[in-house]
Each structure stands twice: as C-alpha cells, then as structure tokens.
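Trainee: Handing you a structure now.
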Amino acid sequence: MSKASLVITAVTVQGLSQADAARNYDVSPGWVSKLMTRYRTDGDAAFEPRSRRPRTSPHAPPSPCATTDACTTSESAKPTPEPTSCS
C-alpha cells in the first residue's frame, strides 16, 4: 500500500485531520492537502504517482511545426494561385 493511499484512508475513513495525518505519516501538510484535493477531483487516480515531468519548457527550441506552415496546412488546403492572363 502506498503512502498516498495510507494518508487518504486515514483522512477519509479514520477521520483524522489533514494536519494529524501529516504528522502521523511524516509528510508535509501541504502534500496532504494537495493529495486530498486530487482525491476529491480525480477519485482513485489520486493513489497513483504523477509524472514530475514539466508540461512545458520555456527554454526548449521551437518545434518544426511552430516555424513552418507544413504541419498546419496541407498541400490540398492551400489556395491555388489565380491564373494570369497574358493580354
């Protein structure tokens, strides 16, 4: 049983306060608060650990799709040039 599931069970089933659960399981009260918020919104998914990978990277180079139209516009969707008359 993971520490997250123990803490959630202590707060929901045993009726401990979040501060008491943090003290009993040697975790920060902020983590218990985040965990309980995640449990209320996501349900049982809160028991699984989340990825620590950032969603964005402000220093990453731009992707090729961000600098060209190749990824957003297909060749068939581009407007065809108007025929020019030679008169």
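Values quoted throughout were computed directly from the atomic coordinates according to the rules given, and no laboratory measurement underlies them. In this text the structure is predicted, and so the values were computed from the model without any measurement.
Trainee: What shape does region 3-45 have by the C-alpha gyration tensor, where a ≥ b ≥ c are the square roots of the eigenvalues, rounded means a/c under 1.5, and otherwise prolate means a/b greater than b/c and oblate the rest?
Mentor: Cα axes put region 3-45 in the prolate bin.
Trainee: Taking 0.36 nm per residue of sequence separation and subtracting the Cα-Cα distance, how much length would be gained by fully extending the chain between S57 and Y25, in nm to one decimal? Mind dumping the intermediate values first?
Mentor: Numbers: separation 32, 0.36 × 32 = 11.52 nm, distance 3.36 nm.
Stretched fully, the S57-Y25 segment lengthens by 8.2 nm.
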